[in-house]
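Novice: The structure's right below; bear with me while I get my questions together.
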There are 4 protein chains.
Amino acid sequence: MKAPVLAADELERLLSAEFPQAFHADSGFKILEVWHGGARVRRGFKASGLRPGGTISGPVIMALADVAAYIGILASIGWVPLAVTTNLNINFLRKPSPGALIAECRLLKLGQRLAVCDVAIRSEGQEDLVAHATSTYSIPPGER
Amino acid sequence: MKAPVLAADELERLLSAEFPQAFHADSGFKILEVWHGGARVRRGFKASGLRPGGTISGPVIMALADVAAYIGILASIGWVPLAVTTNLNINFLRKPSPGALIAECRLLKLGQRLAVCDVAIRSEGQEDLVAHATSTYSIPPGER
Amino acid sequence: MKAPVLAADELERLLSAEFPQAFHADSGFKILEVWHGGARVRRGFKASGLRPGGTISGPVIMALADVAAYIGILASIGWVPLAVTTNLNINFLRKPSPGALIAECRLLKLGQRLAVCDVAIRSEGQEDLVAHATSTYSIPPGER
Amino acid sequence: MKAPVLAADELERLLSAEFPQAFHADSGFKILEVWHGGARVRRGFKASGLRPGGTISGPVIMALADVAAYIGILASIGWVPLAVTTNLNINFLRKPSPGALIAECRLLKLGQRLAVCDVAIRSEGQEDLVAHATSTYSIPPGER
């Protein structure tokens with residue numbers, strides 16, 4: 001895998017400093033690995049993310065998909081925090097048991113203005129997909 | 001508009017009791033109106049929902065879209081809390097200023113097993129769309 | 001409704017001349033109405049569009065959704081034939097009987113570089129939706 | 001790869017017999033490979049599929065994505081021609097030059113009632129993606 005422009009610890013430091021609403025001690029996100037073209041991100045289990053039926057709620061899974069795409073893009077283009085999601089499509093495939101989730105983001109396209117990502121989400125330690133998302137990020141002009 | 005199966009206050013009471021992770025005093029959701037076939041839901045502003053650029057983050061908007069669809073469906077079919085999202089597609093159209101958001105859900109289809117919703121999200125008091133989502137919910141068999 | 005930049009007959013003339021692969025005597029498309037911000041397009045019935053079950057096939061419906069969005073955008077920005085779809089999401093809601101289909105496109109956003117459309121598709125003369133799509137078109141720089 | 005329930009030649013024979021509108025001598029589809037969980041399908045080049053700019057039109061690519069998913073599902077569950085698409089989301093990533101396209105479908109989920117597919121589309125002989133789709137098919141009850 002090609003080296004990222006920003007390493008995992010550097011990204012975590014920048015995100016904590018400039019996007020503290022989503023990346024703080026209690027938010028549960030941990031960057032496991034980044035490379036040029038993708039990222040793996042863990043979301044620790046929190047009881048506050050459960051929904052009726054005892055599974056993890058949709059918004060928690062969508063937030064993880066969005067965060068993993070953001071991290072995979074920033075790892076590939078450098079620190080452009082104003083990159084924003086323009087489209088996200090997600091299919092929920094299996095109800096996850098209470099536990100940590102792992103999202104793996106792969107960039108399908110990295111253009112000057114748009115990046116398109118594929119995000120696969122699994123329960124930690126399991127093979128089957130919990131959810132699958134594709135999303136598009138808009139990169140501000142002049143930032144690459 | 002046709003009368004809902006469950007009124008707004010009844011829905012808020014049930015959601016607070018059985019889905020307290022998402023519907024609690026501090027979650028900011030308020031059901032403004034429900035009818036058979038849709039709902040309007042408000043999400044009050046919270047500084048914790050901001051992202052770089054000073055706008056409201058994508059996951060906050062996605063959560064509102066999902067919640068508004070859930071409420072629009074339950075208002076139309078009655079209390080079936082195990083209804084779950086199977087697909088959500090969202091386009092982010094304009095960056096919302098810090099402030100409350102209003103989501104309006106309309107059911108495009110209400111079948112025995114699937115409901116498909118259209119959700120329009122605006123900043124409170126404004127006409128332009130902030131985001132537009134479509135989502136599909138699976139209704140457990142035997143619940144209707 | 002605000003007047004379109006290009007009228008229906010002018011659009012049909014341009015499309016037949018410069019996009020004859022899709023707009024020819026036998027393709028079945030008819031522009032019913034255009035305005036600044038949208039269009040209504042008819043697709044006549046052809047037996048070649050049927051699929052097992054006797055309903056109209058998905059690709060025929062997707063082509064109509066895409067064409068209606070293209071026409072709604074060109075009616076609003078003028079003749080920019082190199083505008084291209086970047087994303088399309090479609091939900092198939094009811095199986096259409098053999099017969100003509102009507103697509104109604106409404107622009108949700110018309111920016112300098114991107115246009116986002118909502119497309120509702122019905123069987124001619126019926127109220128219920130057959131399908132609902134949202135799509136994003138990229139507008140080449142300098143064309144607006 | 002696990003053996004398919006229906007082999008490629010058997011599927012082509014059945015499709016030609018029962019879905020001749022889409023699978024005929026001139027439609028350009030060729031099943032390259034099927035397995036339990038997916039398929040690779042080729043769509044030969046036809047000048048009738050071009051659009052302004054000299055690239056292959058969106059509807060041609062969408063039709064290929066839908067057909068590849070259909071074939072991947074039937075290869076995995078057997079001859080259930082009444083399986084129908086309920087949702088398709090597609091991102092167009094690069095404009096394909098005139099030439100054949102190859103779609104590779106992988107099932108992300110194969111349930112009793114729903115199958116969810118990931119479809120990657122490339123120009124023949126090239127690595128980069130032209131388009132990426134995810135789609136959901138509904139399988140009629142009692143057919144599996």
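Novice: Does region B:59-74 contain any residue that is assigned to a loop (DSSP other than H, G, I, E, B), open to solvent by 20 Å² or more (accessible area, probe 1.4 Å) and within 8 Å of another protein chain (Cβ to nearest Cβ)?
Specialist: No, that holds for no residue.
Novice: Does B:Pro96 satisfy being in a loop (DSSP other than H, G, I, E, B), surrounded by 19 or more Cβ atoms within 10 Å (Cβ to Cβ) and over 12 Å from the mean Cα position of the chain (by Cα)?
Specialist: So B:Pro96 fits the description; yes.
Novice: Another question about this same structure. If I go through region D:115-128 residue by residue, how many of them are out of contact with any Pro (no Cβ under 6 Å at 6 or more places or on another chain) and either loosely packed, with under 15 Cβ neighbours inside 10 Å or more than 22 Å from A:Ser135 (Cβ to Cβ) (or both)?
Specialist: Of the residues in region D:115-128, 6 are out of contact with any Pro (no Cβ under 6 Å at 6 or more places or on another chain) and either loosely packed, with under 15 Cβ neighbours inside 10 Å or more than 22 Å from A:Ser135 (Cβ to Cβ) (or both).
Novice: Restricting to region D:24-37, give me the number of residues that are within 17 Å of D:Ser48 (Cβ to Cβ) and of a type in the set (Phe, Trp, Tyr).
Specialist: Within region D:24-37, residues that are within 17 Å of D:Ser48 (Cβ to Cβ) and of a type in the set (Phe, Trp, Tyr) number 1.
Novice: Within region D:130-143, work out how many residues are surrounded by fewer than 20 Cβ atoms within 10 Å (Cβ to Cβ) and part of a strand (DSSP E or B). Outline the logic, then answer.
Specialist: The initial filter retains those residues of region D:130-143 that are surrounded by fewer than 20 Cβ atoms within 10 Å (Cβ to Cβ), namely D:138-143.
Next cut, part of a strand (DSSP E or B) only: D:138.
Result for region D:130-143: 1.
Novice: Conditions: (1) within 13 Å of chain C (Cβ to nearest Cβ); (2) open to solvent by 10 Å² or more (accessible area, probe 1.4 Å); (3) modelled with pLDDT of 95 or more; (4) under 25 Å from C:Ser27 (Cα atoms). D:Trp79 meets all but one. Number of the miss?
Specialist: (4)
Novice: Can you tell me which condition C:Pro59 does not meet? The list is (1) touching a helix residue (DSSP H, G or I) at 6+ places or on another chain (Cβ under 7 Å); (2) under 19 Å from C:Gly37 (Cα atoms), and all the others hold.
Specialist: Single failed check for C:Pro59: (2).
Novice: I would also like to ask the following. Taking the stated definitions as given, is D:Asn87 touching a His at 6+ places or on another chain (Cβ under 7 Å) and either over 28 Å from D:Arg13 (Cβ atoms) or open to solvent by less than 10 Å² (accessible area, probe 1.4 Å) (or both)? Steps first, answer last, please.
Specialist: Working: touching a His at 6+ places or on another chain (Cβ under 7 Å): no; either over 28 Å from D:Arg13 (Cβ atoms) or open to solvent by less than 10 Å² (accessible area, probe 1.4 Å) (or both): yes.
It is false that D:Asn87 is touching a His at 6+ places or on another chain (Cβ under 7 Å) and either over 28 Å from D:Arg13 (Cβ atoms) or open to solvent by less than 10 Å² (accessible area, probe 1.4 Å) (or both).
Novice: Go through (1) within 7 Å of chain A (Cβ to nearest Cβ); (2) in a helix (DSSP H, G or I) for B:Ile90 and report which single condition fails.
Specialist: (2)
Novice: Would you mention how many residues in region A:99-114 are open to solvent by less than 30 Å² (accessible area, probe 1.4 Å), within 13 Å of chain D (Cβ to nearest Cβ) and in contact with a Leu (Cβ under 6 Å, 6 or more places away or on another chain)?
Specialist: So the count comes out to 1.
Here is a yes/no grid of residues against (1) open to solvent by 70 Å² or more (accessible area, probe 1.4 Å); (2) not charged (D, E, K, R):
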residue: C:Met1; (1), (2): yes, yes
residue: C:Asp9; (1), (2): yes, no
residue: C:Ser16; (1), (2): no, yes
residue: C:Ala22; (1), (2): no, yes
residue: C:Ser27; (1), (2): no, yes
residue: C:Ile31; (1), (2): no, yes
residue: C:Val34; (1), (2): no, yes
residue: C:Gly37; (1), (2): no, yes
residue: C:Val41; (1), (2): no, yes
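Novice: Would you point out which residue out of A:Lys30, A:Lys46 is more than 11 Å from every other protein chain (Cβ to nearest Cβ) and free of Cβ contacts under 8 Å to residues at least 60 places away in the same chain? Let's see the steps before the verdict.
Specialist: Numbers: A:Lys46 fails: more than 11 Å from every other protein chain (Cβ to nearest Cβ).
Only one candidate qualifies: A:Lys30.
Novice: Here's another thing I want to ask about it. Consider B:Leu14 carefully, then state whether it is out of contact with any helix residue (DSSP H, G or I) (no Cβ under 7 Å at 6 or more places or on another chain) and not in a strand (DSSP E or B). Working first, answer last.
Specialist: Values: out of contact with any helix residue (DSSP H, G or I) (no Cβ under 7 Å at 6 or more places or on another chain): yes; not in a strand (DSSP E or B): yes.
The answer is yes for B:Leu14.
Novice: Tell me, yes or no, whether region D:38-50 has at least one residue that is outside any loop (DSSP other than H, G, I, E, B), modelled with pLDDT of 95 or more and aliphatic (A, V, I, L, M).
Specialist: Initial filter on region D:38-50 (outside any loop (DSSP other than H, G, I, E, B)): D:38-43, D:47-50.
Okay, now just the ones that are also modelled with pLDDT of 95 or more, so D:38-43.
From what is left, the residues that are aliphatic (A, V, I, L, M) are D:39, D:41.
The answer is yes, given that some residue of region D:38-50 is outside any loop (DSSP other than H, G, I, E, B), modelled with pLDDT of 95 or more and aliphatic (A, V, I, L, M).
The values are calculated or read from the model by the stated rules, or taken from the named source; none is laboratory data. Quick caveat, the model's predicted, so the values are computed rather than measured. Glycine also receives a Cβ, built like all others from the backbone with ideal geometry; neighbour counts cover every protein chain displayed. For accessibility, only protein heavy atoms count, side chains too; no ligands or nucleic acids. Shrake-Rupley method; radii C 1.70, N 1.55, O 1.52, S 1.80 Å.
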